[in-house]
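What follows is calculated from the coordinates using simple rules that are stated; it is not laboratory data. Please read these numbers as outputs of a predicted model, since none were measured by experiment. All Cβ positions, even for glycine, are placed from backbone atoms using ideal geometry, and neighbour counts span all protein chains on display.
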Ligand SMILES: [Zn+2]
């Protein structure tokens, strides 16, 4: 196993950060190596397993029974629509990796014309038949976008970290955003307090499903080169707060396989969530971030 190799983004030297296993789902005992770039601080998995699909079992997508059940589940995410409407009131919206469509169902109900790119076949069927949105089944968003039009909003919620080619995907997104259009990205935060505490045991590493953890500053730099402005950044919106709690509870619980001890550690995670909340909020050190970039309007 190499102790250092080249960063897939900037080609600088990257050092081995840690090795870990599929702690969250325990689908194998295989060891996975994560590296951190000495220059851009990108964290990435290398090598990416050739059988990556095996780590996404059907249970990964808990598709609801009906549209009503989906709507009930989606309701807490309504604030995402309000956030988007601060920048774009209506128009064409694309979500990459919506799974079975909590967010896209809200976007459709809010009047956006909605498309989706999703790799899971069952989710695509549900999106098309039940939610009623155009769903393109593809595991490479950059490729899928070649046959799609221009958008006012492109959203990736907890998806960019799963992509083998995030940089190619970002380039394709830039090509498909209209003037004034926005890209919304929510992803695990490599600058989080939880990563600095748990390291390889952090639940949001989610080996081997999370392939690259991208620092906010690096994304901002990349999007700035394409003339996009960073207009919003948080690690403490409703989703982030939920992922903070998830991170504390499961990172503790996953320290053991003993059933009773697991429950005790999970409860401890809930207590720690409350204690750490002010630090995670005040220093942008929450476990996930949401950022919005906007293409300037044509003058
Ligand atoms: Zn780098």
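Given a 10 angstrom Cα cut-off, can you work out which residue in 155, 107, 144 is the most mobile in a GNM of the chain?
144
Need the full-extension length gain, residue 12 to residue 148, defined as separation in residues times 0.36 nm minus the C-alpha distance. One decimal, nm.
On the way: separation 136, 0.36 × 136 = 48.96 nm, distance 3.39 nm.
45.6 nm is the gain from fully extending residue 12 to residue 148.
For 26, 78, which order do you get if you count the other beta carbons within 10 Å of each Cβ and list the fewest first?
Working: 26 10, 78 14.
By the 10 Å Cβ count, ascending: 26, 78.
Rank by packing, highest mean first: peptides 269-278, 30-39, 207-216, 12-21, with packing defined as the count of other Cβ atoms within 10 Å averaged across residues.
Values: 269-278: 14.3, 30-39: 17.8, 207-216: 22.3, 12-21: 15.9.
Ranked from most to least packed, the peptides come out as 207-216, 30-39, 12-21, 269-278.
Using 0.36 nm per residue, how much length does the chain from residue 267 to residue 255 gain when fully extended, once their Cα-Cα distance is taken away?
Working: separation 12, 0.36 × 12 = 4.32 nm, distance 1.32 nm.
Taking 0.36 nm per residue and subtracting the Cα distance, the gain is 3.0 nm.
Over the chain, what relative contact order in percent results from Cα pairs under 8 Å that are six or more residues apart? The partial results should precede the final answer.
Details: 551 pairs, mean separation 52.2, N = 299.
Computed over the chain, the figure is 17 percent.
Kindly put 139, 22 in sequence by how many other C-beta atoms sit within 10 Å of each C-beta, fewest to most.
Values: 139 16, 22 19.
Ordered from fewest to most neighbouring Cβ atoms within 10 Å, 139, 22 come out as 139, 22.
What is the fewest-to-most order of 28, 66, 105 by other Cβ atoms lying within 10 Å of their Cβ? It would help to have the intermediate numbers written out before the result.
Details: 28 14, 66 9, 105 23.
Going from least to most buried by this count: 66, 28, 105.
Please give, to one decimal in nm, the separation of the simple spin-label points placed at residue 201 and residue 19, each 7 Å out from Cα toward the Cβ.
Output for this residue pair reads 1.9 nm.
Which of rounded, prolate, oblate describes the range 209-299, given a ≥ b ≥ c as roots of the alpha-carbon gyration tensor eigenvalues and a/c under 1.5 marking rounded, otherwise prolate only if a/b is larger than b/c? Intermediate values should be presented prior to the final figure.
Values: a/c = 3.95, a/b = 2.43, b/c = 1.62.
Here the range 209-299 falls in the prolate category.
Which FRET efficiency, nearest 0.05, do residue 108 and residue 62 yield, Cβ-Cβ r, R0 25 Å? Mind dumping the intermediate values first?
Details: r = 20 Å, r/R0 = 0.82.
It comes out at approximately 0.75.
So for the range 90-191, averaging the separation of alpha carbon pairs under 8 Å that are six or more residues apart and normalising by length, what relative contact order in percent results?
Numbers: 178 pairs, mean separation 28.4, N = 102.
Taking the mean separation of contacting Cα pairs over the length of the range 90-191, I get 28 percent.
With the cut-off at 1.5 for a/c, could you classify the range 45-115 from its C-alpha gyration tensor as rounded, prolate or oblate? Could the numbers behind the result be given before it?
Numbers: a/c = 2.77, a/b = 1.61, b/c = 1.72.
Since a/c reaches 1.5 but b/c is at least a/b, the shape of the range 45-115 is classed as oblate.
Which angle from 0 to 90°, rounded to the nearest 10, does the C-alpha axis of helix 216-225 make with the longest principal axis of the chain?
With rounding to tens, the tilt is 30 degrees.
Using a basic spin-label model with each label point 7 Å from the Cα along Cα→Cβ, how many nm lie between residue 246 and residue 220?
A separation of 2.5 nm, rounded to one decimal place.
I'd like to know how the range 68-186 sits against the 2.2 N^0.38 Å rule of thumb: what's its Cα Rg over that expected value? Walk me through the numbers before you get to the answer.
Details: Rg = 13.1 Å, N = 119, 2.2 N^0.38 = 13.5 Å.
Rounded to two decimals, the normalised Rg is 0.97.
Per 10 Å bin, what percent of the C-alpha pairs of the chain does each bin hold, from zero upward?
The distribution over the chain is 6, 26, 36, 25, 6, 0, 0, given as percents.
For the range 118-158, what is the largest minus smallest coordinate of the Cα atoms on each principal axis, given in angstrom and ordered from greatest to least?
25, 23, 20
What does the C-alpha gyration tensor say about the overall shape of the range 36-75? Classify as rounded when a/c is under 1.5, otherwise prolate if a/b is larger than b/c, or oblate.
Because a/c hits 1.5 or more and a/b fails to exceed b/c, the range 36-75 counts as oblate.
Between 189, 11, 229, where does the largest GNM mean-square fluctuation fall for the chain, given springs only between Cα atoms within less than 10 Å?
Judging by the Gaussian network model, the answer is 11.
How high is the relative contact order of the range 41-145? Use alpha-carbon pairs under 8 Å, at least six apart in sequence, and give a whole percent. Intermediate values should be presented prior to the final figure.
Numbers: 121 pairs, mean separation 22.9, N = 105.
Once divided by the residue count of the range 41-145, the mean separation gives 22 percent.
Rg(Cα) of the range 169-216 divided by 2.2 N^0.38 Å? Don't skip to the end; give the middle numbers.
Numbers: Rg = 14.3 Å, N = 48, 2.2 N^0.38 = 9.6 Å.
Ratio of Rg to 2.2 N^0.38 Å for the range 169-216: 1.50.
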